[in-house]
Structures are given as C-alpha cells and as structure tokens.
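See structure below.
The values are calculated or read from the model by the stated rules, or taken from the named source; none is laboratory data. Because the structure is predicted, anything quoted here is derived from the model rather than measured. Neighbour counts are summed over all protein chains in view; Cβ atoms, including those assigned to glycine, are modelled from backbone coordinates with ideal geometry.
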Amino acid sequence: MNLQILLWTSLLVYAVVMFALSPMATTAAEFFSAKEDGKREISTGFLVGSVVISWLFAKSITNAANLGATYGLVGAVAYAAWYVTIPVAGLIIYRLRDRLGVQSLSGFITSKYGRLASLGFLTAILIRLFNEVWSNTAVVAAYFGSAGSPAYYAAAGAFALVTLGYSLRGGLRSSVLTDAFQCGMAVFLLVFALALVMPDAGVEATVTSGQWTLKGGVDLLLVGLLQAFSYGFHDPVLTDRGFITEPKKMLRGYLGAGAIAAAFIVLFGLIGVHAHVTGLSVGEDAPLRVAEAFGVSVLAGMSVMMMLSAGSTLDSTLSSFSKAVVQDLGGAATRPSARRTVPLEAFSRWVQRRDSVRLGRWVMVVTIVIGSLPLYAGTEILKATTLSGTMVLGLAPVFLFWFIDRAGPFAFHLAFWPGVVVGVVHAAGLTPAWLAVGSGDYAELLGTNLAGCLIVFAGFGVGTLLDGWAETD
C-alpha cells in the first residue's frame, strides 16, 4: 500500500476512535474537572494513565530519541530528568490541598502573592500551552512530508482539527477518558518498536553507549534536574489533574506516574540509541529515520505512536488553556487579595455573565488557530522545553517555600521576574561565555540555569524580608 494512503487511513481511524470515546460534557464540572455526572471522581488507574500519556509528548519522544542518537543512553536518561517534576508537583500540590485547602494553583498564587502575581503566573501558563500546540502537531506532520511541504501542512491542520473536534465534546473529561486508550496503545507500540531495535543494536552495546561526562550529555541531565523543581508548575496539563481526585489518591497517582513516565522516556530514547550504536544518520528526527530504515509498516506504526502521544498532549493542552482563561483568569478577580486589578476584574465580570462551557469551547478554537502559527516559522521543538523551563525558574521558591507566612508579593516578583529575564537573555544569545559549565553542547545552558537558580532563590529571600517589613509598617 502507498505510504501516504496508509498514513491518512491511520489518521482517519484515529479520529473515529477518539470521537467514539469522547463523551459530551454538559456541565462545568464535567468539562473543566472531568467529573462523571458532575460528581464522581476518576479512579487512580485513570489518573496515572492520564498523567503518563499526557506527559509523553510527541515532541518529548522525538527529543529523547534525538538525544539518544547523539549521546547514547546518557541522552535518553538526560531527557528523563525533567520527569522528576511529576512527583515534585504531586508532593507540593498535596501539601497545598491538605494544609491550606487550595483548589487551584492560580487561586493559591492570588491569595498568597496577590492578583498581579497571579496574572504573571497565568501568562507563563498560557505561553507554555501555546508552545504545546505547534510543537506536537509539527512532530506528527513530519511523518506525512518534509517541513514546509503541502503534505506537511495538510497533516498538521487535519490532526489539529481532529483533536479540537473531540476536545470540544468533553473538555477535560474527554481528555482523561481518551488518555486510557492512548496510553494502552502507546505501550503496545513501544514494545513493538523495542522488539525491532534492541536485537539489531544489542543489549550490551545499548546499555554501555555514550559517556557519563558533562560533554557526553550529563550537562543536559543536570539542567533537567535543576528545572524539575519549577518546570511542572507552569504546565496545567500536569497540575490540573492534581485537583480532580481526593489528595491522597492524587499523591499516589503522581508518584507512580512520575516513575512510569520517566521509564517510558528512557525506553523511547532507546530508539535513538539504536541509531547511535549502528551509526545510522538521523538528523533532527530520530524516530522517523529509524522507522524508515525498518520499512513502510514500521514507519506507519511509528506515526500512529506519535498521533497517540501528540493527541493526548494536545487535547490536554486545549482543556487546560480553556480552564486557565475561563476559570482561573476569569475567576481571579473574585479571590481575596490586597491589590485591585481593574482590567482583570472587568474581564472576570464579563466571563461570569456567560455560559462557561460554551466560552471554554470558543477558547479552544482560538487556541488551536493561534497556537498553530509557529509551524510556519521553523522553530526547534527542543527549545519549547529548555527555554520555557529556564524562564520559570522563579516558580521553584514560590512553591517550595509555600509555608513561609511572611512571603508575599515582593517575594514572588523578585523571584519570578528575574527568572524570566534570565530566560530571555539566554534565548537572545546574550549569556556571558564565562557562565558556561564544562565544554559540552549544553555548557552555557547549564551555567545559565545554575546562575538563574541562585538569582531567583536570593530574590525570593530578599522579597520575603521586604514583605515582612511592609507588614510590620
């Protein structure tokens, strides 16, 4: 069968299955909180599967495989370091819910650090979600044609519309229920892929591939570990699921999901390690090139895997973007705070006069349209992880030190905004060369993140002192 026919048939079957699995949400509790009949919580198994598959981004699978192709096993493990953020987020959210009765992270930011802090936090969230739209559709589109080709853009548009279509039906509930199927299929396809590449590369050669040095990829591993204490908090695809079950169930689910997702990423990275061991040239898309080397049927199977992982992330992105705008940003003005923000209050009043589910669906439509625009700019997908992670380093002290009563607006702003500046400076290529740690490809990024962590934690400490003095006065 012609490859294009096989690929488009796979996309059609995927669309039919996703629409069949997606329920029609009629209440805000179903659409924004995934509650069955507006009341019943999802099970721990559904929660674990949902967190795992929604964080096995298509771009992450591609990045892990690319790094495996470049650095061997070290590269795959390095990318898995970011998945430490799942149990970190789970533990902090558990404490916030158990000790303070927090119902959302934006609500916590508003009540503790003020409405301007909440606005900055929500802006970071929206930028993060914006990146997830183009970066995941781009990975799927690459299987249909080279970047910039008519087939590439047609596949990107079709995949985006399919995901938007079933997401409009059920919001977060559609996302969680389809995640179960997507997760099961991803496991099957992963086993299928590893059964092909492992005998060809050899277990011993795979395990011993690469060098555990800064130059050999350990510099990126350290970046991932540094960002793990802040990265997850600006991703509502992860954190929204922390509030849809009771706290202890959520914590168990997040601890298990973190371990499983990290293991999955390392195993997906072995696809790239195969290329590293066998000397296969893969460029910037290791899964695609390795699949091509095994023939049309394997290439089609890999494309389905990418549809599953990209779809689970993209539908979660749409539901999270919708909730962030309608419930978090739209409801921010109703939360207690010492500071008034007139534009935010006006927006909140406008939102509350409308049907929240209908408005949420319109937000999804706008998100998919605007979020697809960077496809035309040729942006590198790895930057969607490393750069946004650097820009939100300031969230680490904000959430890790939630229990410091004196910390308030000064603490937030002196931690968060300097972190954003550090990320922007690095993105603009203006980081001083002397900051580099080691001589590897990510030496400058590692140095930037080490310096950034020192700056944001120091800023939080100074801000806490200022908050204490302001409260005394």
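Just a few scattered comments:
- Lone unmet requirement of (1) of a type in the set (Val, Ile, Thr); (2) over 26 Å from residue 245 (Cα atoms); (3) modelled with pLDDT of 90 or more for residue 102: (2)
- Residues being modelled with pLDDT of 85 or more and buried (at least 24 other Cβ atoms within 10 Å of the Cβ) are represented in the range 348-366 by at least one member.
- Boolean, residue 424 is under 20 Å from residue 119 (Cα atoms) and among the aliphatic types (A, V, I, L, M): yes
- Scope the range 277-310; condition touching a Leu at 6+ places or on another chain (Cβ under 7 Å) and of a type in the set (Ser, Thr, Tyr); matching residues: 303, 309
- Verdict on residue 278 being hydroxyl-bearing (Ser, Thr, Tyr), over 16 Å from the mean Cα position of the chain (by Cα), more than 20 Å from residue 316 (Cα to Cα) and crowded, with 18+ Cβ neighbours inside 10 Å: no
- Residue satisfying all of: in the range 9-28; touching a residue at least 12 places away in the same chain (Cβ under 8 Å), farther than 30 Å from residue 352 by Cα and not small (Gly, Ala, Ser); surrounded by the most Cβ atoms within 10 Å (Cβ to Cβ) among these: 18
- You will find that of 57, 31, the residue that is crowded, with 17+ Cβ neighbours inside 10 Å and at pLDDT below 85 is 57 and no other.
- Remark: pairs (first residue in the range 174-197, more than 16 Å from residue 22 (Cβ to Cβ); second residue outside any helix (DSSP H, G or I) and at pLDDT below 80; Cβ separation under 8 Å; 6+ apart in sequence or on different chains) = 186/56.
- Taken across the range 195-209, residues that are crowded, with 21+ Cβ neighbours inside 10 Å, under 27 Å from the mean Cα position of the chain (by Cα) and assigned to a helix (DSSP H, G or I) do not occur at all.
- Residue that is surrounded by fewer than 17 Cβ atoms within 10 Å (Cβ to Cβ) and not hydroxyl-bearing (Ser, Thr, Tyr), where the choices are 428, 415, 443, 451: 428
- Among the criteria (1) modelled with pLDDT under 75; (2) within 20 Å of the chain's Cα centre (by Cα), the one residue 337 does not fulfil is (2).
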